[in-house]
Structures are given as structure tokens and as C-alpha cells.
Amino acid sequence: MSEFGQRVIDYRLKNGVTQEEMAKMCGLSRQTICALEKNPYHQVNILTRHKLEKVLNKTKERDVE
């Protein structure tokens, strides 16, 4: 699994979010989230990564406040 894929899994587990919910939050398909989490060689394009980073970083901002 890729480091980025692990970050997605960690976020989902920490926040009790399903792949489907994560996909909706990011504006992506559930299949994209699944592929990212399961395939260590999955290449994430820049737009997809940006959408995911926006969601992943929200938790960090809340933790700091």
C-alpha cells in the first residue's frame, strides 16, 4: 500500500467514514478510493490528490484549534 493510501485509510478509520462517504466528500468515486487504498502502485493524478488533500487536512486543522 502507498503512504498516501495509508493516510486515506487512517483518516477514514479515525473519523468513522466509509469509502462511499469519503468519495462523496472528495467528489470522487468509491472505486477510486478503493483502488488507492488497496493498490500500492496506484498513481494519483494531481487533481485527485488535491481533492483528497483538502479533506485529509481538515482533520489536522480541527486538531490544532
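Rule-based calculations on the coordinates, nothing more; no lab input. No experiment lies behind these values; they were computed from the predicted model shown. So basically every Cβ, Gly included, is an ideal-geometry build from the backbone, and we count neighbours across all protein chains shown.
Any idea how many residues of the range 1-16 are among the hydroxyl-bearing types (S, T, Y) and in a loop (DSSP other than H, G, I, E, B)?
The number of residues fulfilling the criteria is 1.
Out of all the residues in the range 17-40, which are of a type outside the set (D, E), outside any loop (DSSP other than H, G, I, E, B) and over 9 Å from the mean Cα position of the chain (by Cα)?
Within the range 17-40, K24, M25, R30, Q31, T32, C34, A35, K38 meet the criteria.
Yes/no matrix, rows are residues, columns are (1) surrounded by 12 or more Cβ atoms within 10 Å (Cβ to Cβ); (2) in contact (Cβ under 8 Å) with a residue 60 or more places away in the chain; (3) under 16 Å from S2 (Cβ atoms); (4) among the aromatic types (F, W, Y):
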{"residue": "G16", "(1), (2), (3), (4)": "no, no, no, no"}
{"residue": "E21", "(1), (2), (3), (4)": "yes, no, no, no"}
{"residue": "C26", "(1), (2), (3), (4)": "yes, no, no, no"}
{"residue": "C34", "(1), (2), (3), (4)": "yes, no, yes, no"}
{"residue": "E37", "(1), (2), (3), (4)": "yes, no, yes, no"}
{"residue": "P40", "(1), (2), (3), (4)": "no, no, yes, no"}
{"residue": "T48", "(1), (2), (3), (4)": "yes, no, yes, no"}
{"residue": "E53", "(1), (2), (3), (4)": "yes, no, yes, no"}
{"residue": "K58", "(1), (2), (3), (4)": "yes, no, no, no"}
